[in-house]
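Some notes on the structure that comes next.
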Amino acid sequence: MFSGASNFVAGVDTAFMLIFVISAIFLVGITAVMLYFVYRYREKRNPVPTEIHGSTTLEILWTVIPTILAMVMFYYGWKGWIPIRHAPKDALQVTAVARMWSFNFEYPNGKSSNVLNIPRGKAVKLNLKAMDILHSVFIPAFRVKQDAIPGKNNFLWFISDKPGSYEMFCTEYCGLRHSYMNALVVVMPDNEFNKWYNDTTGRTTGADGKPGNTKGQAGAMLIQSKGCIACHSVDGSRVVGPSFKGIFGEKVTVITAGAERTITVDEDYIRRSVLEPSADVVKGYRDGQMVSYRTELKDNQIKDIIEYIKTLNGK
Amino acid sequence: MGPQTYNSFFTVHGIIMIFVIVIPGLPAVFGNFFLPIMIGARDVIFPKLNLLSWYLYVLGILTVLTSLFTFGGAPDTGWTFYAPYSFKTTTNMFPAVLGAFILGFSSILTGLNFITTIHRMRAPGMKFSNMPLFVWSIYGTGWIQLFATPIVGITLMMVIAERFLHIGFFDPALGGDPVLYQHLFWIYSHPAVYIMILPAMGVISEIIPTFARKGIFGYNAIVASTMAIAVVGYFVWAHHMFTSGMSTTAQFTFSLLTFLVAIPSAIKVFNWVATLYKGSIRIEVPLIWALGFMFLFMIGGFTGLFLGSVATDVHVHNTSFVVAHFHYIIFGGMGSAFMAAAHYWLPKMYGRMYNKFWATVGWATFFIGFNVLYFPMFILGYQGMPRRYYDYLGQFHNLNVVSTIGSWILATGLIITIVNLIRGARNGPKAGMNPWEGRTLEWTVPSPPPPENFDVIPDLTSTSTAH
């Protein structure tokens, strides 16, 4: 029905087709026999019913045959699954960070991206990391899916031979913007991938902790890679939380422990909002949507983000 | 409608349909009415306990409804209440969970009451070996209610304890394990599917012989498959969790058992079809609903095979494929069986007959609408559309539109059917004692049955069969 693009497609689709064919034959067959009996033995044509209490031979037949077929289907389903569980040791290790409501991918050289770029024909292992609640990584074209669970080290792996871009969806319900939690998987020819992978000018503060050169650039990268952008826009539009655009220095009404008060958005307020998101919630926005970034962002990174937010004023 | 409203809608739809409508539906409505009559009893054995079940049911519904209208807003976790999201959301989780807990007690007490009634209240000569198959199905269901429901009860209590006392059972932030929650939830909720479908199978096992005007084919095989489903159905729950990262040993075992639990259902279908053979078939409305049941239930059952097989399940898990499969089983299956039962027993319950023409029109509209609504979801799911999505990518658009049109047709069919039933119950022509020439005991009492059902408890020791 739609093309596949990984080393698992054949195994999964074989199991699928096998079950489909067996099911379709039985569905059509049983329905046809049922309708034929209703027609053939209708009262007008067959006024006197014949009592038949059962048949041991038939009961054995229609127990044994479906059991054998079920075991065949089970076997193919199992056979298609086993390779998905065994990742080769030399696979390219990428950490897929899932959080409400974005994916980000971290590569061994410190490169970070919200698009999963992978080399064609090479094994890639995705180590799944959930930052807040359950998510699930699903790439339909690759026939793979695995839950990302806080505190558990689940993984996925695959080899794709078909350059192109494919969708990745979150398939474990995760709240308000679940349906917008998706990403692109781009399979690239080797040279193209290497060019992208080794180009570290767009690199974030991940590995060496040093900010980029232009003012606020490091912060701009961080709000991408840490997923802030999934809820806070930079163009003034309303998503889940207040937009970053023009907010710095503004007076806003917040709810603090149930009471309203007016504060000015300054460096302290932003820092507090990053570390304790429920402390002062801007009026009109829902509490409980954001988790603390205490373990994820270092103080200098929060400063980078603040610098970036400042650049969004008056543009 | 915004995403928050949408998320609340599918959550509350799930909670109300599962806990309030489908689980108690057939047993509470038709079980309470016909179980005693069919075994030749005046009432269930504990009428006051039965009343308590009813009070708990009403209290449970009120508690669930509270979650909709009080501050905090309707719950938005999905009916599965998966941790740790269910601990983080600020919506009204507590009343929804408490409501499900109370409804669980209602279900346990009903199961207990029915099991005891069947053991202790059968009329002379009514043996387990000749008991009507609907009664057998209620019996199997009763044991599942009794054994499985306490598990969800304690799980929901753990959720409440975690939320208010911060005891870390499930939330990794408190040192808990979210996968443990999934196990506990499905240990109940998978058998719960059999609570929903077993009584439906029982209804079909009554209707087909009545309209074929002969005895059921393979009585013993149907009884054995009912009890096999009730037992094996406990040990398949983790097929809901193949993507959670559990061990391959567990995946192997649960996949194998899931394929095995399909066999008893297949045996039932074969025996129902065989019952039609050499019958003298009267095509009446209840039979039409029963035949529709068989078709939709088969599609639901066969698509379940894709979900039992690990490789294919991992691909379609949590996509609209699962939504379609589940609705084929529960709405197409249990829903059709409920309508079959309503059209079969309404003349007995109200003593009046509905309009058969409109009943047939209602069924046909329902049947077409149902397939137009749910079949596209199989394709969408295979193509990768996740479930519980407020918004979807462009390539999924056309089939979603088809599905929506189907929902309008289905709704029209349901309205025609229900209006026709109500009109029939109120103003239909008198139906008489036994309009279908049924052979079970409920057709030997006046329509509607008098209080306490029988003046004299029937004695079946001389008759050979009751089923």
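The values are calculated or read from the model by the stated rules, or taken from the named source; none is laboratory data. All values derive from a computational prediction rather than experimental measurement. Using ideal geometry, Cβ is built from the backbone for each residue, glycine included, and neighbour counts are taken over all protein chains shown.
For segment B:389-400, a residue qualifies if it is surrounded by fewer than 13 Cβ atoms within 10 Å (Cβ to Cβ) and within 20 Å of B:Thr5 (Cα to Cα), and exactly one does: B:Asp391.
Checking each residue in segment B:275-308 for being in a helix (DSSP H, G or I) and at the interface with another protein chain (Cβ under 7 Å from one of its Cβ atoms) picks out B:Leu276, B:Leu291, B:Met294, B:Phe295, B:Met298, B:Ile299, B:Phe302, B:Leu305, B:Phe306.
Pairs meeting the criteria (first residue in segment A:254-273 and closer than 19 Å to A:Arg294 by Cα, second residue exposed (fewer than 13 other Cβ atoms within 10 Å of the Cβ) and modelled with pLDDT under 90, beta carbons under 8 Å, at least 6 apart or on different chains) are A:Asp266/A:Gly249.
Can you tell me which residue within segment A:86-130, out of those that are part of a loop (DSSP other than H, G, I, E, B) and of a type in the set (Gly, Ala, Ser), is modelled with the lowest pLDDT? Selected residue: A:Gly110.
Picking from residues in segment B:433-458 that are without any contact (Cβ under 8 Å) to a residue 60 or more places away in the chain and not aliphatic (A, V, I, L, M), the one that is farthest from B:Lys214 (Cα to Cα) is B:Pro451.
The numbered conditions (1) modelled with pLDDT of 95 or more; (2) surrounded by fewer than 19 Cβ atoms within 10 Å (Cβ to Cβ) are all true for B:Met298 except (2). Checked against the criterion of being surrounded by 15 or more Cβ atoms within 10 Å (Cβ to Cβ) and either in contact (Cβ under 8 Å) with a residue 60 or more places away in the chain or under 27 Å from A:His178 (Cβ atoms) (or both), the candidates A:Ser225, A:Ser237 yield just one match: A:Ser225.
Do you know which residues across segment B:420-431 are surrounded by 14 or more Cβ atoms within 10 Å (Cβ to Cβ) and not aliphatic (A, V, I, L, M)? Correct list: B:Asn420, B:Arg423, B:Gly424, B:Gly428. Restricting A:Tyr39, A:Tyr75 to those that are out of contact with any strand residue (DSSP E or B) (no Cβ under 7 Å at 6 or more places or on another chain) and either farther than 19 Å from B:Val285 by Cα or hydrophobic (A, V, I, L, M, F, W, C) (or both) reduces the list to A:Tyr75.
Of everything in segment B:264-284 that's touching a residue at least 24 places away in the same chain (Cβ under 8 Å) and β-branched (Val, Ile, Thr), which residue is surrounded by the fewest Cβ atoms within 10 Å (Cβ to Cβ)? Only one residue fits best here, namely B:Ile283.
Given the criteria more than 14 Å from chain A (Cβ to nearest Cβ), modelled with pLDDT of 95 or more and either closer than 29 Å to A:Glu172 by Cα or surrounded by fewer than 16 Cβ atoms within 10 Å (Cβ to Cβ) (or both), does B:Ile405 qualify? Criteria met by B:Ile405.
When A:Gly164 is tested against the conditions (1) crowded, with 21+ Cβ neighbours inside 10 Å; (2) within 20 Å of the chain's Cα centre (by Cα), the lone failure is (1).
Here are A:Ile229, A:Ile247, A:Ile263, A:Ile270: which of them is over 18 Å from B:Thr89 (Cα atoms), β-branched (Val, Ile, Thr) and under 24 Å from the mean Cα position of the chain (by Cα)? One residue alone meets the criteria, A:Ile229.
For the criterion of being within 7 Å of chain B (Cβ to nearest Cβ), buried (at least 18 other Cβ atoms within 10 Å of the Cβ) and under 20 Å from B:Ser205 (Cβ atoms), A:Glu59 passes. When restricted to residues that are out of contact with any Gly (no Cβ under 9 Å at 6 or more places or on another chain) and more than 7 Å from chain A (Cβ to nearest Cβ), segment B:245-259 contains 6.
Counting the residues of segment A:274-285 that are without any contact (Cβ under 8 Å) to a residue 40 or more places away in the chain, part of a loop (DSSP other than H, G, I, E, B) and within 14 Å of chain B (Cβ to nearest Cβ) gives 3.
Counting residues in segment A:47-54 that are in contact with a strand residue (DSSP E or B) (Cβ under 8 Å, 6 or more places away or on another chain) and either within 7 Å of chain B (Cβ to nearest Cβ) or part of a helix (DSSP H, G or I) (or both) gives zero.
Among the residues of segment A:1-46, those that are over 27 Å from A:Ile68 (Cβ atoms) and facing chain B (nearest Cβ under 7 Å) comprise A:Met1, A:Phe2, A:Val38, A:Tyr41, A:Arg42, A:Glu43, A:Asn46. Selection of segment A:1-46 for residues being touching a Gly at 6+ places or on another chain (Cβ under 6 Å) and outside any helix (DSSP H, G or I) yields only A:Tyr41. Among the residues of segment B:335-376, those identified as surrounded by fewer than 24 Cβ atoms within 10 Å (Cβ to Cβ) and outside any helix (DSSP H, G or I) are B:Gly351, B:Arg352, B:Met353, B:Asn355. All of B:Ile160, B:Ile108 fail the test of being surrounded by fewer than 18 Cβ atoms within 10 Å (Cβ to Cβ) and not basic (Lys, Arg), apart from B:Ile160.
Taken as a whole, segment A:157-166 holds no residue that is of a type in the set (A, V, I, L, M), more than 9 Å from every other protein chain (Cβ to nearest Cβ) and outside any loop (DSSP other than H, G, I, E, B). Within segment A:167-197, being in a helix (DSSP H, G or I) and either at pLDDT below 90 or under 27 Å from B:Phe81 (Cα atoms) (or both) holds for A:His178, A:Ser179, A:Tyr180. Contact map, segment A:128-150: first residue more than 7 Å from chain B (Cβ to nearest Cβ), second residue part of a helix (DSSP H, G or I) and among the basic types (Lys, Arg), Cβ cut-off under 8 Å, separation 6 or more or different chains; pairs are A:Asp132/B:Lys88.
When A:Gly227, A:Gly258, A:Gly212, A:Gly206 are checked against the criterion of being of a type outside the set (Phe, Trp, Tyr), more than 21 Å from A:Val97 (Cβ to Cβ) and at pLDDT below 85, a single residue qualifies: A:Gly258.
When the residues of segment A:167-187 are filtered to those that are under 23 Å from B:Phe242 (Cβ atoms) and among the β-branched types (Val, Ile, Thr), the one that is farthest from the other protein chains (Cβ to nearest Cβ) is A:Val185. Only residues that are of a type in the set (Val, Ile, Thr) and at pLDDT 90 or above were counted in segment B:156-188, giving 2.
Looking only at segment B:327-334, decide whether some residue is crowded, with 23+ Cβ neighbours inside 10 Å and closer than 16 Å to B:Ile208 by Cβ. Within segment B:327-334, one or more residues are crowded, with 23+ Cβ neighbours inside 10 Å and closer than 16 Å to B:Ile208 by Cβ.
Tell me yes or no: at least one residue of segment A:79-99 is more than 8 Å from every other protein chain (Cβ to nearest Cβ), in contact with a His (Cβ under 8 Å, 6 or more places away or on another chain), more than 30 Å from B:Gly218 (Cα to Cα) and not basic (Lys, Arg). The answer is yes; a qualifying residue exists.
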